[in-house]
Amino acid sequence: DVKVTQSSRYLVKRTGEKVFLECVQDMDHENMFWYRQDPGLGLRLIYFSYDVKMKEKGDIPEGYSVSREKKERFSLILESASTNQTSMYLCASGLSARNQPQHFGDGTRLSIL
Amino acid sequence: AQTVTQSQPEMSVQEAETVTLSCTYDTSESDYYLFWYKQPPSRQMILVIRQEAYKQQNATENRFSVNFQKAAKSFSLKISDSQLGDAAMYFCAYRGLTGGTSYGKLTFGQGTILTVHP
């Protein structure tokens, strides 16, 4: 079974802090994704990566950056956290083959005070 | 850009009954994939069923089936013999096969919360 592990289920940080959310997958997937989930809005893509050190912006990249130094690890960085970044963050990984689904982690509920 | 719409924020069903969740999408592509994901209270998103646009036959996975109407751009999920464990948030998702979507990028709907009554 594919395992996507997010480092924290719950996280509380303060406005202005630099926040790191970590995600690790164990299935050698080339693609990794960070989504944000908000009520009534579904999941929105923040960034994705299709290879080590490669990244592309998703639909809502403002205020975020990412890092992928190793194939199995994809980090989401909030450079200076703000209260409007309080949300659920979901990491996913997958293969590029057309019929392949994404596999998700358990999510990190992040609160910015 | 593709959009996915789930017009039912909440649905409920009695145990053992059948329920249908709606999903519509907008795209100019002719080849794509559609998915239904389930997110239980434990939060992990789980794939329920997938459908390729080029396949006429509706996908089926045990008690879960889809009604795929390509011309109408509609992709509904039918759950038969509903069980308490089916209670979850359900998301419809679209994957195109051009540009950035070739990396597996998904566009999600807003989600439908399904409640199952005993």
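The values are calculated or read from the model by the stated rules, or taken from the named source; none is laboratory data. Keep in mind the model is a prediction, meaning the values are calculated, not measured. With ideal geometry, Cβ positions are generated from the backbone for all residues, glycine too; neighbour counts draw on all protein chains shown. Note: areas computed on protein heavy atoms with side chains; ligands, DNA, RNA excluded. Shrake-Rupley method; radii C 1.70, N 1.55, O 1.52, S 1.80 Å.
Give me the residue from segment A:81-106 that is of a type in the set (A, V, I, L, M, F, W, C) and within 11 Å of chain B (Cβ to nearest Cβ) and, out of that set, surrounded by the fewest Cβ atoms within 10 Å (Cβ to Cβ). First the steps, then the outcome.
To start, the set of residues in segment A:81-106 that are of a type in the set (A, V, I, L, M, F, W, C) comprises A:81, A:88, A:90-92, A:95, A:97, A:104.
Those still in the list that are within 11 Å of chain B (Cβ to nearest Cβ) too: A:88, A:90-92, A:95, A:97, A:104.
Numbers: A:Met88: 16, A:Leu90: 25, A:Cys91: 27, A:Ala92: 25, A:Leu95: 17, A:Ala97: 7, A:Phe104: 25.
So, considering only residues that are of a type in the set (A, V, I, L, M, F, W, C) and within 11 Å of chain B (Cβ to nearest Cβ), the one surrounded by the fewest Cβ atoms within 10 Å (Cβ to Cβ) is A:Ala97.
Does segment B:47-83 hold any residues that are part of a strand (DSSP E or B), over 19 Å from B:Glu15 (Cβ atoms) and open to solvent by 80 Å² or more (accessible area, probe 1.4 Å), and which are they?
B:Arg50, B:Thr60, B:Glu61, B:Gln69
Can you name every residue in segment A:33-80 that is surrounded by 15 or more Cβ atoms within 10 Å (Cβ to Cβ), hydroxyl-bearing (Ser, Thr, Tyr) and more than 14 Å from chain B (Cβ to nearest Cβ)?
If the condition is that a residue be surrounded by 15 or more Cβ atoms within 10 Å (Cβ to Cβ), hydroxyl-bearing (Ser, Thr, Tyr) and more than 14 Å from chain B (Cβ to nearest Cβ), then A:Tyr64, A:Ser67, A:Ser75 are the ones that fit.
Counting only residues that are over 14 Å from B:Tyr94 (Cβ atoms) and open to solvent by less than 60 Å² (accessible area, probe 1.4 Å), how many does segment B:30-46 have?
The initial filter retains those residues of segment B:30-46 that are over 14 Å from B:Tyr94 (Cβ atoms), namely B:38-46.
Subsequent filtering for residues that are open to solvent by less than 60 Å² (accessible area, probe 1.4 Å) retains B:38-40, B:43, B:45.
So the count comes out to 5.
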